[in-house]
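Some notes on the structure that comes next.
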Amino acid sequence: MAGEENLKERIRSGQTTIGVQVPYNATKSQIEDIYGKDDQYNYISVDSQHNPLNETDLVAVSQAAQDLSIPVHFRIKNTYYTWQIGNWLDLGPSLIEVPQTETEATAQEAVDYFYYRQFGRRSWGGAPRVGIAENPERLDYAEFWNNYGVLMLQVESIQAICNIPRLIRPGVDLISWGPADLTFDREANTSHPLSVSDDACVEYAAKVLEGTDTKLMIRNYDWTLRDKYIEMGATVLLESPKP
């Protein structure tokens, strides 16, 4: 963990921040190999929404990444598990993503269980937590975490995109993109102005977030699309590993 970058500060300042996906059970050597393919990477990502959830593997990959001073992004299993965010954070990730966020209630519950008191209501505990060795005291760690961890809410429907002004609030660092499910929703709502294209939705979201403390994250997957989405207003990207 020593020397690990504070992504929250980087993201809030609007700096371009790029992550790369790694296997859920990636070893330290695999992480080093994937992360070493591009000196622009700032974090790694593992996903449980569309993969089997193995908490032992999450601890292992988080520990390996901490040894390399690399933050870990973790997309949780389902929107309805926001109450469990604190427990998953106890296992070592630095960034949490809530998929298919639609409502203000989900957004607030995510904030509540992501942050420690007095800002949130996350419970105290967890030996694998990122940064605990450097901040072992309860209040010191709570202050560290509340100024370090990154919370993102994923919007995957036209309704969710239209709700962005109501979803963002103190503690929500990023609105993230779900292009595949959004495409399903656009196909089901062809009369809506935003149904025309994914790019139209991205441009709308970027405009809504302009001037706020919440930034836009895009799963561009292909590193050759970096400049496209950066020019559209995204400051955080998530890519597949380079060959």
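Dipole magnitude for the range 170-243: computed about the Cα centre from +1 point charges on Lys and Arg Cβ and -1 point charges on Asp and Glu Cβ, it is near 120 debye.
Listed by chain and number, the lysines placed with their C-alpha closer than 25 angstrom to that of Lys37 are Lys8, Lys28, Lys228, Lys242; residues fewer than eight positions away on the same chain are left out.
Between Phe184 and Ser240, residue separation times 0.36 nm minus the direct Cα-Cα distance comes to 18.0 nm. Every helix of 4 or more DSSP H residues in the chain counts as -39500 (n - 2.57), and over all residues that averages to -10000 deg cm²/dmol at 222 nm. Each peptide in 9-16, 158-165, 56-63 receives the mean, over its residues, of other Cβ atoms within 10 Å, and ordering these scores from highest gives 56-63, 158-165, 9-16. One Cα centroid belongs to the range 68-95, the other to the range 99-148; the line between them spans 10 Å. Here the gap between Lys77 and Ser191, fully extended at 0.36 nm per residue and compared with their Cα-Cα distance, gives a gain of 37.9 nm. For the chain, the longest principal axis of the Cα atoms and the long axis of helix 179-188 meet at an angle of about 30 degrees. Alpha-carbon geometry of the chain: the Rg and the Dmax are 17.0, 55 Å, given in that order.
No value in this document is a laboratory result; all are computed from the given coordinates. Source: prediction; values computed, not measured. Cβ: placed from backbone, ideal geometry, glycine included. Neighbour counts: every protein chain shown.
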